[in-house]
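Colleague: Could you have a look at this structure, given as structure tokens, before my questions?
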Amino acid sequence: MNRPEVDRTRDGTAPTTPTVAVVDDDEAARLSVGQMLRLRGYEVWMFPSAEAALAWPGLERVSCLISDIKMPGMDGEELLARVQQRPLPPPVIMITGHGDIAMAVRCLKAGAFDFVEKPFEDEVLVAYVAKAVEQMSLRRESEELRCRLAMLPSAEDGRFDMVGRSRPMRALYEQIEVAGRTDAPVLIVGETGSGKELVARAIHQQSARSRGPFVPVNAGALPETLLESELFGHARGSFTGATAERDGKLVMASGGTLFLDEIESISLRAQVQLLRVLDDGILEPLGSDRPRRVDIRLLASSHQDLQAEVGRGTIREDFYHRIVVLMIVVPALRERGEDIPLLAAHFLRDAARRHGVAPPALPDKVLESMLRYHWPGNVRELRNAVERLVITSREGAIGKLPLPLGRPDARLLSLPATPGRLNEALEAAERATIQAALEEHRGEINATYQALGISRRALYERMKKYGLERSAYR
């Protein structure tokens, strides 16, 4: 494929200045126009044919397209028609010879911004380009505003910055309102990726502490040796590397809410310290003999059965009863399938805005696939799948729904449920999923457990169980 002739930025990223694409099979004319526009501050991309311009993925980002009409192969008129089919087409200026006026008029009717007749003065073309760039800038601003307005929460689509109007979600909204009226600790339980932190933020915003800080801490993402320092802070010299006194998250959250995710990961020692904070409002930073007083509300979350953890001795019984004054269960996505179209549309608009493209249409077949799929990663998996669709879409068209990470092999799921066979099938599927994630992330533990939606400790346990070594994937 012919590469565009362009002055790239040093890091190879897309330019921030207005960009102009020039399409002309005449090399001398193409270089002349390109040099003239570069001298006036434009970033210029040049192509020797319409086919080369259309094959360039960056065509969506240009602020103006200049094209000769008569070219071998695909001519400028057909190029204009193809560009006009895109969701947010750039203004197209046609360059025409004296005998091509009738064709130029047809191009205007087909959507061209304007045309310039050869030979032309440089300043004439520059004036047309400036107007076209200004128009494109206004159109992009308008499209961004439209997307932002479309993303504003609707009373019909959901509440508390959450999307969903199914019966389980309506029940969840009522529980959030009840929890918001109290200052009691709340345990939020639900599967990985179901939106537990969103629920915690909603409770905080509905509470009397809404003007105070909301401080989230993922206990599963921190080694046990660092978690206590992260929560309670430390004094200078309390351990190797502690070169200065540091406040912990509990101090940062004072007057507001501490959200402790994967609470099952904290040590028994930290549970005792946290109990004192909840009962007396007093904490002792590591290595310090000066207690500090804090005022926090604790919201905790877990995707584990904490009562079972109490039985195994990893969670203290008194700690469990202290943090479970109220319990909220977040429904899994498969339990509220009717919300999938709303969520998909919401994530589609959000991803399109962040990637700077117009929201592509969601084909019925893709939506049907979404409704049939069981979404083990819940809302997070759906959001990631929609983002992949936006990134891989072409000219506003979405292709086939990509296979989400972690989907078990259909052959494993079809095995008969005879004694022992089901467990073997599930373990084989789990091992294959973890192995695929390790391969994708080259053995990086942080990236792997986040992609799988499990805790660091859970990943290590499963790697040990299945004999998987991270060194094999580096």
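Colleague: If amide hydrogens are placed 1.01 Å from N in the peptide plane, which non-local residues have theirs closer than 5 Å to the one on Val22?
Modeller: The list, which skips near neighbours in sequence, is Trp45, Met46, Phe47, Ile66.
Colleague: Taking amide H positions as placed 1.01 Å from N in the peptide plane, with prolines and chain starts having none, which residues 5 or more places from Met327, or on another chain, fall under 5 Å of its amide H?
Modeller: Leu187
Colleague: Same structure, new question: Say R0 is 56 Å: what FRET efficiency, to the nearest 0.05, do Ala361 and Asp289 get from their beta-carbon distance? It would help to have the intermediate numbers written out before the result.
Modeller: On the way: r = 65 Å, r/R0 = 1.15.
The value I calculate is 0.30.
Colleague: From the square roots a ≥ b ≥ c of the eigenvalues of the alpha-carbon gyration tensor of the range 73-116, which class results: rounded (a/c under 1.5), prolate (a/b over b/c), or oblate?
Modeller: Numbers: a/c = 2.21, a/b = 1.63, b/c = 1.36.
Cα axes put the range 73-116 in the prolate bin.
Colleague: Based only on Cα atoms, what Rg/Rh ratio does the range 261-321 have, Rh being taken as Kirkwood's radius? Could the numbers behind the result be given before it?
Modeller: Numbers: Rg = 12.5 Å, Rh = 12.5 Å.
Taking Rg over the Kirkwood Rh, I get 1.00.
Colleague: Further question: Quick check on the exposure proxy: order Thr96, Thr17, Thr433 from fewest to most C-beta atoms within 10 angstrom. Intermediate values should be presented prior to the final figure.
Modeller: Details: Thr96 22, Thr17 11, Thr433 18.
Going from sparsest to densest Cβ surroundings: Thr17, Thr433, Thr96.
Colleague: Expressed as a rounded percentage, what relative contact order does the range 180-280 have, with Cα pairs under 8 Å and six or more residues apart? Spell out each step's value before the answer.
Modeller: On the way: 113 pairs, mean separation 29.9, N = 101.
Rounded, it is 30 percent for the range 180-280.
Colleague: Another question, if that's okay. Compute the length gained on full extension between Ile282 and Asp26: take 0.36 nm times their separation in residues and subtract their Cα-Cα distance, giving the result in nm to one decimal. Present the calculation step by step, with values, prior to reporting the outcome.
Modeller: Working: separation 256, 0.36 × 256 = 92.16 nm, distance 7.82 nm.
Result: 84.3 nm gained on full extension.
Colleague: In what order do Ile188, Ile93 fall by count of nearby beta-carbon atoms within 10 Å, going from fewest to most? Write out the running numbers ahead of the final one.
Modeller: Numbers: Ile188 28, Ile93 22.
In order of increasing Cβ crowding within 10 Å: Ile93, Ile188.
Colleague: May I pose another question? For Lys196, which lysines qualify as cross-link partners when the Cα separation must be under 23 Å and same-chain residues fewer than eight apart are set aside?
Modeller: Within the straight-line cut-off, Lys196 pairs with Lys249.
Colleague: Ranked highest first by the average count of other Cβ atoms within 10 Å around their residues, in what order do 454-460, 170-176, 293-299 fall?
Modeller: Values: 454-460: 19.0, 170-176: 17.0, 293-299: 20.7.
So the peptides 454-460, 170-176, 293-299, ranked by packing, come out 293-299, 454-460, 170-176.
Any read-out appearing in this document is the output of simple, stated calculations on the displayed coordinates, not a laboratory observation. Model, not experiment: these values are computed from the prediction. Counting neighbours? That spans all protein chains shown, and the Cβs are built from the backbone with ideal geometry, glycine included.
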